[in-house]
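Read through the structure below, which is laid out as structure tokens, and then see the notes.
The values are calculated or read from the model by the stated rules, or taken from the named source; none is laboratory data. Just so we're clear, the structure is a prediction, and the values are computed from it rather than from any experiment. Neighbour counts run over all protein chains shown; Cβ positions are idealised from the backbone, glycine included. For the accessible areas, the whole protein counts, side chains as well, though only heavy atoms, and no ligand, DNA or RNA atoms are used. Shrake-Rupley method; radii C 1.70, N 1.55, O 1.52, S 1.80 Å.
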Amino acid sequence: MATPIILDCDPGHDDALAIMLAAAHPAVRLLAISTVAGNQTLDKTTANARRICDVASITGVPIVAGRAFPLRGRGIVAADVHGESGLDGPSLGPPVTPVTSTDGIGYLRDLLRAEPATVVATGPLTNIAALLLAAPDVAERIERIVFMGGSTGNGNVTPYAEFNVYADPEAADIVLHSGIPVAMCGLDVTHLALADEAVCERIAAIGSPLARVCVDLLGFFAGTYRDIWGFPAPPLHDPVAVALVAEPGVVETVRTRLDIELTGTFTRGATVVDRYARTGRPPNADVAVGLDVARFWDLVVTAVRTLST
Ligand code: RIB
Ligand code: CA
């Protein structure tokens with residue numbers, strides 16, 4: 001029985017592959033794609049979600065636009081990582097797939113009232129927090145929230161804060177205290193998902209226009225990750241969160257205590273993971289600690305092949 005999911009994202013190169021995996025994997029039923037400001041502004045992340053559905057021939061999946069700004073402050077983008085368009089690399093042209101609703105929060109509220117689902121979030125958690133604040137009743141309709149974000153150690157935007165959580169720490173805190181089961185796929189695990197030359201060759205060998213787009217996306221992503229962090233290959237963060245739902249055995253998690261730092265002078269946005277129960281605070285999240293890298297890439301390559309025409 002396929003798991004119904006809502007994919008909340010900020011495309012974003014890795015979000016693009018997360019959308020493809022969610023659309024293609026037989027164990028996942030993609031109910032809707034909601035977009036949020038993050039890697040780029042909301043208008044750009046929404047246009048990119050549309051473009052990904054165009055190029056991957058994903059039809060019948062509503063695309064709804066959520067929040068343009070975090071719960072507090074004006075927000076940040078990651079143009080240095082994803083480019084001015086948020087999806088630099090391939091030339092994708094203007095989007096064709098329509099936006100089903102610009103009231104993404106209202107759309108998700110009604111969708112969940114009609115059908116319970118799992119939320120997979122691969123951008124800042126603004127939309128999910130806003131949804132829970134606007135319609136607290138839907139909390140019981142959300143089976144689980146699996147998010148890509150945070151880390152058990154260092155960050156990537158500040159020394160201790162990862163981008164998705166740093167962009168809206170209040171939203172992450174609201175999600176974490178919602179009472180909904182939460183799973184976190186943080187940098188320590190997603191950094192194991194390096195799209196190296198062998199992975200790119202497997203995707204290129206599919207030989208489809210979609211495969212070429214993916215190779216071009218990964219090529220751009222490789223350049224920014226090399227230039228900024230000196231990575232030998234780009235980590236494909238977001239599909240890890242989808243993989244956790246699609247094939248749970250691919251991602252190893254531990255039940256532990258997770259808190260969000262909201263006020264630290266140097267650490268705002270940090271995900272504080274009490275891995276060894278030193279605080280005595282009760283466990284409240286499943287935190288990813290391992291990845292079956294070979295199986296993960298099999299999932300991603302198979303998704304691109306499945307969507308290729
Ligand atoms: O820190 C990596 C995360 O931030 C990924 O989801 C990437 O797409 C950006 O949203
Ligand atoms: Ca993302």
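Of all residues in the range 45-74, those satisfying the criterion of being free of Cβ contacts under 8 Å to residues at least 40 places away in the same chain and part of a loop (DSSP other than H, G, I, E, B) are THR59, GLY60, VAL61, ALA68, GLY73, ARG74. Each residue in the range 128-156 was checked for being open to solvent by less than 60 Å² (accessible area, probe 1.4 Å) and within 13 Å of ligand 1 (Cβ to nearest atom), and 8 of them qualify. Within the range 96-111, if we keep just the residues that are in contact (Cβ under 8 Å) with a residue 40 or more places away in the chain and of a type in the set (A, V, I, L, M), the residue that is surrounded by the fewest Cβ atoms within 10 Å (Cβ to Cβ) turns out to be VAL96. The residues in the range 188-215 that are within 14 Å of ligand 1 (Cβ to nearest atom) and touching a Cys at 6+ places or on another chain (Cβ under 7 Å) can be counted, and the count is 0. Take the conditions (1) buried (at least 21 other Cβ atoms within 10 Å of the Cβ); (2) part of a strand (DSSP E or B); (3) among the aliphatic types (A, V, I, L, M); (4) without any contact (Cβ under 8 Å) to a residue 40 or more places away in the chain; ALA222 misses just one of them, which is (2). Residue count for the range 271-295 satisfying the condition of being touching a helix residue (DSSP H, G or I) at 6+ places or on another chain (Cβ under 8 Å) and closer than 21 Å to VAL182 by Cα: 8. For the range 51-66, the tally of residues that are open to solvent by 20 Å² or more (accessible area, probe 1.4 Å) and closer than 13 Å to PRO11 by Cα stands at 1.
Please pick out the residue among THR45, THR35, THR59, THR3 that is farther than 18 Å from PHE220 by Cα and within 15 Å of ligand 1 (Cβ to nearest atom).
One residue alone meets the criteria, THR35.
Could you please let me know if ALA233 is closer than 20 Å to MET20 by Cβ and not in a loop (DSSP other than H, G, I, E, B)? So ALA233 does not fit the description; no.
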